[in-house]
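Okay, so here's the structure we're looking at.
A short reminder: the numbers here are calculations on the coordinates, not readings from a lab. Remember, it's a predicted structure, so these values are computed and weren't measured experimentally. No Cβ is skipped: glycine too gets one built from the backbone with ideal geometry, and neighbour counts run over all protein chains shown.
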């Protein structure tokens with residue numbers, strides 16, 4: 001009897017369980033939804049309760065469904081409607097979905113009122129979440145009623161805020177910096193590689209940047225990026241980023257949305273990014289989102305400090321190579337702030353006084369014969385930013401940058417000579433009276449001046465149009481120029497004595513020779529970007545940009561001047577003086593989608609046009625990134641991207657030098673393009689980030705100097721000294737990262753192959 005009772009209970013449980021899994025098969029062609037629901041009732045034990053008016057506006061459906069459970073069938077039927085179904089035992093209740101409300105606003109630092117970029121926002125009631133944009137703006141759609149929002153950011157205390165609302169609401173959150181930084185870093189940074197959709201993305205905030213190990217007393221983010229898997233350096237192990245087999249010029253550097261062309265000091269030993277001035281930095285390798293364009297290999301997107309709205313503060317430091325000064329504070333409290341950073345080396349401040357005392361000693365020992373020497377090198381970076389708050393929705397940013405390298409060598413040599421007097425008293429005719437030099441000295445001067453640098457300015461207006469739409473418009477200007485000048489001058493001074501009058505006169509002859517080599521690029525334009533949070537499953541970005549480029553690839557001249565006392569010559573020889581004016585336009589749109597709980601996709605299209613020398617180049621560049629989450633700790637990622645590039649950097653070596661030429665494509669030089677696919681697995685285990693990613697990239701119209709060609713102009717144009725070819729790169733990247741405890745860091749390994757062919761090189 002006991003065995004029979006147990007069997008009966010198991011049979012009841014089994015029947016109960018299987019009844020919930022009743023399978024439905026439908027073959028419907030343009031049938032009203034009401035008829036489809038009746039058919040489901042006939043095939044199952046379920047009964048529907050609804051108001052007939054609810055289905056009135058739903059068009060007839062065609063369905064081909066085989067052996068599906070009821071939940072899946074109802075999801076298909078009501079997928080594109082505003083109807084939701086609620087299952088209670090054997091009853092299915094249909095009703096209209098409550099209209100979602102949107103909660104939006106900005107996320108700030110509580111102490112400085114500076115916006116927090118890429119801060120997380122999650123609703124603990126529904127599990128929905130979003131991330132703030134580059135200006136701290138967030139937007140999340142939720143059902144009306146009770147909600148609990150929890151904003152969080154690396155290095156800040158996460159707090160939850162509960163409230164009830166039935167309409168669109170604007171709420172700004174102010175996060176408190178946390179003293180328990182290590183614990184917060186574990187929570188914030190470790191989740192990102194698994195959760196976000198971009199496979200090759202690495203992000204740094206201000207605290208992370210300052211914690212980068214110093215090189216010769218300088219924290220350098222470019223040096224940190226060079227240690228990442230998939231990134232190589234030049235043969236000198238100093239300059240440039242060579243990402244997945246690409247060239248150093250295939251990386252797009254942006255400073256507050258403004259393109260930066262030269263990012264190195266001291267032949268590539270240091271970068272132009274002063275860590276005291278940087279707020280955040282995002283590094284993309286591989287297929288980057290559609291909002292970026294113009295380069296093949298990577299994007300380095302840098303945002304500078306906005307300035308403290310509350311109080312004035314500053315830091316100063318003295319390093320082995322340079323000293324830094326940073327000041328920030330309010331101009332008008334809670335309204336306008338500023339941030340100023342300056343970095344300068346002081347090698348020249350040490351060498352010049354030493355040279356002065358050495359030269360003074362030599363002059364004193366022999367005023368008629370001496371060598372006077374002066375040499376030095378320095379670089380500096382100056383960053384300034386002003387942030388003005390018009391209202392809670394509107395802000396204006398003015399960002400300035402000036403950086404320069406200067407190397408100089410000056411040498412002046414003086415040689416004194418004394419000639420014997422000549423007796424001309426025997427002259428009988430006035431015409432026989434002559435003048436002869438009786439004393440003379442020569443002065444030889446040689447100066448070498450090499451300098452290169454960048455000046456940039458951007459004016460940015462950020463405006464929250466409504467709870468879902470955010471606009472950002474930017475005016476940009478930048479100028480990079482390098483100059484190489486060699487100045488030589490040879491002067492001969494001597495005195496002459498008239499044989500009849502005895503009058504002495506100081507006479508000089510000289511030769512002047514000044515070769516000058518100059519190149520540069522000047523940009524001006526605008527950029528307009530929109531973020532539209534359609535709902536929690538669709539974040540749509542779109543925008544446009546227009547840039548006017550003025551390229552000056554080569555200006556090579558020699559200035560000469562001779563004066564031998566009887567005749568003079570003054571001329572200029574021009575070997576090259578070319579200017580190329582170009583217009584570049586771009587349009588883009590992308591949608592970051594959540595498809596179910598596990599799949600996240602970013603799909604976009606970047607359109608660009610380049611108009612040069614009467615020729616138009618147009619390019620359509622599709623981008624796709626996808627992430628499938630196997631679990632909370634493991635995800636698979638894949639990406640595809642097509643990129644085009646219209647500017648090149650011609651280098652005579654892997655060193656970053658002032659002789660490097662930025663040149664555009666022309667009617668004779670075709671644009672670069674590449675197609676890249678990548679796939680990988682990303683995970684987290686006991687606080688460690690683990691990743692393995694494989695990639696394949698095919699590039700067309702790669703640019704290199706021809707074999708034996710010189711960067712110096714000679715008698716040929718730069719177009720005649722280059723060759724174009726194809727390239728293939730593929731490899732595997734492995735990385736392990738530790739972000740907790742007293743010791744943090746990463747270990748990476750890259751196995752890669754790169755092949756390039758230049759048929760005409």
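The C-alpha atoms of the chain define a longest principal axis, and helix 181-195 lies at about 70 degrees to it. Summarising the label geometry, the points placed 7 Å from Cα in the beta-carbon direction at residue 96 and residue 442 lie 10.1 nm from one another.
Fewest first, what order do 281, 228 take by the number of other Cβ atoms within 10 Å?
228, 281
Multiplying the residue separation of residue 171 and residue 22 by 0.36 nm and subtracting their alpha-carbon distance yields 49.0 nm.
Take the Cα of residue 110, step 7 Å toward its Cβ, do the same at residue 488, and the gap between the two points is 6.9 nm. DSSP beta bridges confined to segment 19-96 are antiparallel in about 80 percent of cases.
Cβ crowding within 10 Å, taken as a proxy for footprinting-reagent exposure, orders 452, 753 from fewest neighbours to most as 753, 452. In terms of its C-alpha gyration tensor, segment 19-96 comes out oblate, because a/c is 1.5 or above while a/b does not outweigh b/c. Remark: spin-label model distance residue 409-residue 58 equals 8.3 nm, labels positioned 7 Å along the Cα→Cβ axis. Quick check on the chain: take the gyration tensor over C-alpha atoms, sort the square-rooted eigenvalues as a ≥ b ≥ c, and tell me if it's rounded (a/c under 1.5), prolate or oblate. Because a/c hits 1.5 or more and a/b exceeds b/c, the chain counts as prolate.
For residue 516 and residue 471, the FRET efficiency from 1/(1 + (r/R0)^6), where r spans their Cβ atoms and R0 equals 56 Å, is about 0.80.
Residue separation of residue 455 and residue 72 scaled by 0.36 nm, minus their Cα-Cα distance, works out to 131.9 nm of gained length.
Provide the packing ranking of 626-635, 248-257, 152-161, i.e. peptides ordered by the mean count of other C-beta atoms within 10 Å per residue, highest first. Mind showing how you got there, number by number?
Working: 626-635: 15.9, 248-257: 22.7, 152-161: 17.8.
Result, highest mean first: 248-257, 152-161, 626-635.
A Förster radius of 41 Å, combined with the Cβ-Cβ distance separating residue 571 from residue 607, puts the computed FRET efficiency at roughly 0.25. Beta bridges per DSSP, both residues in the chain: antiparallel share near 95 percent. The mean sequence distance of close C-alpha pairs (under 8 Å, at least 6 residues apart), as a share of the length of the chain, puts its relative contact order at 9 percent. Determine the shape class of segment 248-375: with a ≥ b ≥ c the square roots of the Cα gyration tensor eigenvalues, call it rounded for a/c under 1.5, and otherwise prolate if a/b is greater than b/c, oblate otherwise. Note, shape of segment 248-375 comes out oblate. Counting 0.36 nm for each residue step from residue 356 to residue 749 and taking away their Cα separation leaves a gain of 136.4 nm. Could you let me know the centre-to-centre spacing of segment 25-73 and segment 373-416, using Cα atoms, in angstrom? Value for the Cα centre distance between the two parts: 71 Å.
On the basis of the beta-carbon distance and an R0 of 45 Å, residue 323 and residue 507 show a calculated FRET efficiency of 0.35. Cβ-to-Cβ counts within 10 Å put 36, 726 in ascending order as 726, 36, the fewest first.
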